[in-house]
Amino acid sequence: MLIVVAMDSFKGSLSSVEANAAVARALEGHDVVTVPVSDGGEGFLDAWLAAHPEGEVVTDSVPGLDGVVRQARFGWSESSREAVIELAEVSGLMLVETLDPWRYSTYGTGMQLRAAILRGARRITIGLGGSATIDGGKGLLEALGVRFYDSRGNELWSSPHQIGRVASVDWSNLMPEAREVEWRVVSDVTNPLLGGSGAVAVFGPQKGLAEGDIDRYEAQLARYATCFARDMTTLPGAGAAGGAGFALYQLGATYVSGIEEVVRWTDLEERLRTADWLITGEGKFDQQSLHGKAPYGLAQLAHAHGVPTLVFTGQSDIVALPDVGIEAVFSIISRVMTLEEAMRDAESLLTNAVRRIVRLLDKKA
């Protein structure tokens, strides 16, 4: 059997590359093709590097979410003068032990954008996902020279972000080169900035926002958005990465589906034309996965070529989705265990789960 393996990351446990390797170990004796994927979040940069062997890794020192300077990477293509930046590399949930959306800023990611511009980038592609921030992109804009002031004319700094105090925005110091860049945001999130499906209501709790603070934070983010001349709040993806999408739209960015970008990078679709199965998955496969997440999008693509899909995940309440060719969804958890144990042993759990199911497929073949 020809089996295409395209696993998304298991956040906090396995990158896409590591998850693919864990699955491949269970498929000895089969023709296996592995394709690193990402929907814009954690692992986006690694997926780009795997698909672009000519790409360079640029490492720089930037301030992290906690203010401590850290080494962070972005991808660089000299031939196309394109920089590829993963927001989670500096502003990601997995980088901090304590969540604090009231304080954390995207300034560090903005410094990466600044470095890419100074390097001569003509196009910057930014993977939005897995962020610990809900600063409306204020920090990344500040790193590019945009200034924010309160009602008394006092300049507001990036840490804490203080979006609730913003009364005006000054674009006069924006890096001139930033206006010449082709900005592209890559995400699986199509949520607007505000409202019941916005950045605060949907993603606030997972970033540490208390339930009782959601309305207050939403009101502050809404006031912040009114300080911009252009209303970008309702655009799909404006709510991605805590509103970083909204800020990048102010720079003229266009939205690109994460899974569509990965398919464009790779020969995945060509591989699927002759495949017998697609194996994909992620740490948690739930209803949110059905709105642009990589495994769902891959299954749709495979289904269009008549290829059935198996999904392996740490947690799911979905059994199968035959309408898009997902024949079954399997949890890799084989016994009662804590979340910490499951994350620690994710690699072996994944390999063993795939091995069990493939034995059944082999018997039927």
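Listed values for the range 149-157 are Karplus-derived 3J(HN,Hα) couplings in whole Hz (6.51 cos²θ - 1.76 cosθ + 1.60, θ = phi - 60°), namely 10, 8, 5, 9, x, 7, 6, 9, 9, and x replaces Gly and Pro. Size estimate for the range 156-197 follows the Kirkwood approach: the inverse of mean 1/r over distinct Cα pairs works out to 14.0 Å. Whole Å is fine, so just give me how far the alpha carbon centre of the range 134-182 lies from that of the range 294-317. Here the answer is 41 Å between Cα centres. Annotation for the range 1-45 versus the range 70-122: alpha-carbon center distance of 24 Å.
Taking the chain as a Gaussian network, Cα atoms linked when under 10 Å apart, which of 21, 88, 47 shows the biggest mean-square fluctuation? Sorting by GNM fluctuation, first place goes to 21.
Shape class of the range 137-240 from the alpha-carbon gyration tensor: oblate, with a/c at 1.5 or above and b/c at least as large as a/b.
The per residue volume of the convex hull around the alpha-carbon atoms of the range 49-208 is 118 Å³. Antiparallel beta bridges, as assigned by DSSP with both residues in the chain, represent about 35 percent of the total such bridges. Taken along its three principal axes, the alpha carbon spread of the range 195-280 comes to 53, 31, 16 Å, from the longest extent down to the shortest.
Computed over the alpha carbons of the range 108-191, Rg followed by Dmax gives 13.6, 39 Å.
Share of carbon and sulfur in the accessible area of the chain stands at 49%, probe radius 1.4 Å. For the range 96-255, the per residue solvent-accessible surface stands at 39 Å², with DNA, RNA and ligands left out and a 1.4 Å probe. Normalised Debye scattering of the chain at q = 0.11 Å⁻¹ gives log10 I(q)/I(0) of -0.73, counting only Cα atoms as equal scatterers and leaving out solvent. Once the Cα atoms are used to define both axes, helix 346-364 deviates from the longest principal axis of the chain by about 40 degrees. Simple point charges give the picture: +1 on the Cβ of Lys and Arg, -1 on the Cβ of Asp and Glu, and for the range 126-245 a dipole about the Cα centre of about 140 debye.
Database remark: amide H of residue 156 closer than 5 angstrom to the amide H of 148, 149, 150 (H placed geometrically; neighbours at sequence offset of 5 or more, or on other chains; Pro and chain starts carry no H).
Kindly list the residues of the range 10-43 that lie in the label zone of residue 57, defined by a backbone N under 20 Å from the point 7 Å along the Cα-to-C-beta vector. Within reach of a label on residue 57: 10-22, 35-43. Residue by residue, the range 68-81 carries 3J(HN,Hα) couplings of 7, 5, 9, 7, 9, 10, 9, x, 9, 10, 5, 5, 9, 6 Hz when phi is fed to the Karplus relation 6.51 cos²θ - 1.76 cosθ + 1.60 (θ = phi - 60°); x denotes Gly or Pro. Remark on residue 127: its backbone amide H falls under 5 Å from those of 85, 86, 87, 186, a criterion applied only to residues 5 or more positions apart or on other chains, H modelled at 1.01 Å from N. A cut-off under 13 angstrom between Cβ atoms defines the neighbours of residue 321, and their net charge, with Lys, Arg +1 and Asp, Glu -1, is -3.
For a straight C-alpha distance cut-off of 29 angstrom, the lysines reachable from residue 207 (same-chain residues fewer than eight places away being disregarded) are 11, 138, 284, 293. Normalised by 2.2 N^0.38 Å, where N is the number of residues, the alpha-carbon radius of gyration of the range 1-42 equals 1.16. The simple spin-label model puts a point 7 Å past each Cα toward its Cβ; for residue 317 and residue 31 those points are separated by 4.1 nm.
Here r is the Cβ-Cβ distance between residue 155 and residue 118 and R0 is 22 Å; the resulting FRET efficiency, rounded to 0.05, is 0.45.
With q set to 0.17, 0.22 Å⁻¹, the log10 of I(q)/I(0) for the range 222-327, from the Debye formula over equal scatterers at the Cα positions, is -0.83, -1.09.
The values are calculated or read from the model by the stated rules, or taken from the named source; none is laboratory data. Quantities reported herein were computed from a predicted structural model and do not represent experimental measurements. Neighbour counts are summed over all protein chains in view; Cβ atoms, including those assigned to glycine, are modelled from backbone coordinates with ideal geometry. Calculation scope for accessible area: heavy atoms of the full protein, side chains included, ligands and nucleic acids excluded. Shrake-Rupley method; radii C 1.70, N 1.55, O 1.52, S 1.80 Å.
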